[in-house]
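Worksheet: one structure, shown below.
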Amino acid sequence: MIKSAVTAAIAVALFSFQHMKAQEFTGRATYETKTIMNDIQISGSNMTPDMKASLEEKMKKGLEKTYELSFNKTESVYEEPAKLESPGGSSGRVMVVKTTSSSDGKSYKNIKDKTVMSEEDFFGKEFLVSDSLPKWDWKLVNETKKIGNYTCYKAIAVIPVTKEAMESYEKMKNKKSEGKTQLFTPSEPKEKTITVWYTPEIPVSHGPAEYWGLPGLIMEVNDAKTVILCSKIILNPKDKVVIKIPKKGKKVTKKEYDALIEKYFESMKDSKGNIHINLGN
């Protein structure tokens, strides 16, 4: 029964894909994201309770964002819509350093060539980071729910703990045992389950952030810490969707970019191995 229901959904998607070959198919999807980071500890000898509460609130807002996914049959661009600067410019903003593969800049995916490119701004320096698309081992599940007007099917993928993640955890744990100051509380890496909902009614293999590879547009993602939910879709809009490949920044590979970041933070450490970050008013 499970196989037949999922197979039927895939059949619908394949039929739609074949139909799309004879016509142009584009769209724009808006996604709301919310990230919960319980492992952040904010402390400082000169920080009052009010200052701590204010900073925590700013960090919370910084982890709630809106993105737009523009797509055609084989390409997509995922980015934050342009916003006007708030009064006072950048004063009081909080920078969240991310260590995952996702990007806060424009991210371009080509599912035909299996490539991804993203624009990254690291402390004022712009980079154009290229990589291969991540491989997702999706397991299709016979569960459905409605997201807006679309019937969505469930799929899950399990991400095992990598050797690099364990090595990083051991380093952080050793620093804590040596009494060195840390912004993040080290937590042992665990196997992670990604749950997504996709709809064969929009027959493209795209999705938000780094997610892709299902027989229909991915409408919702939940990885226990981050929830990404599609709130609006426009198919074949009157103002034509044009997918532009990112070109801004110095061209580097993902491996080179990660090494650059690691080298930068190593250079910020003092003789005791601590990294000091000063937060302005």
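Couple of notes before you dig in:
- The set of residues from the range 85-118 being at pLDDT 95 or above and either within 14 Å of E210 (Cα to Cα) or assigned to a strand (DSSP E or B) (or both) comprises S107, Y108, K109, N110, I111, K114, T115, V116, M117, S118.
- Here K176 fulfils each of the conditions (1) at pLDDT below 90; (2) part of a loop (DSSP other than H, G, I, E, B) apart from (2).
- Pairs, first touching a residue at least 60 places away in the same chain (Cβ under 8 Å) in the range 234-245, second among the acidic types (D, E), C-beta under 8 Å, six or more apart: N236/E24; I243/E75
- Selection of the range 214-243 for residues being among the basic types (K, R) and either part of a strand (DSSP E or B) or touching a strand residue (DSSP E or B) at 6+ places or on another chain (Cβ under 7 Å) (or both) yields K225, K232.
- In the range 224-281, the residues that are at pLDDT below 90 and among the aromatic types (F, W, Y): Y264, F265
- Within the range 183-214, the set of residues being more than 27 Å from K254 (Cα to Cα) and crowded, with 19+ Cβ neighbours inside 10 Å comprises W197, Y198, T199, P200, I202, P203.
- The single condition from (1) aromatic (F, W, Y); (2) farther than 19 Å from A209 by Cα; (3) assigned to a loop (DSSP other than H, G, I, E, B) that W136 fails is (2).
- Subset of the range 128-178 that is over 19 Å from the mean Cα position of the chain (by Cα) and closer than 30 Å to K250 by Cβ - its residue that is surrounded by the fewest Cβ atoms within 10 Å (Cβ to Cβ): K163
The values are calculated or read from the model by the stated rules, or taken from the named source; none is laboratory data. Predicted model only: the values in this text are computed from it and were never measured. As a convention, Cβ positions derive from the backbone with ideal geometry for all residues, glycine included, and neighbour counts pool all protein chains shown.
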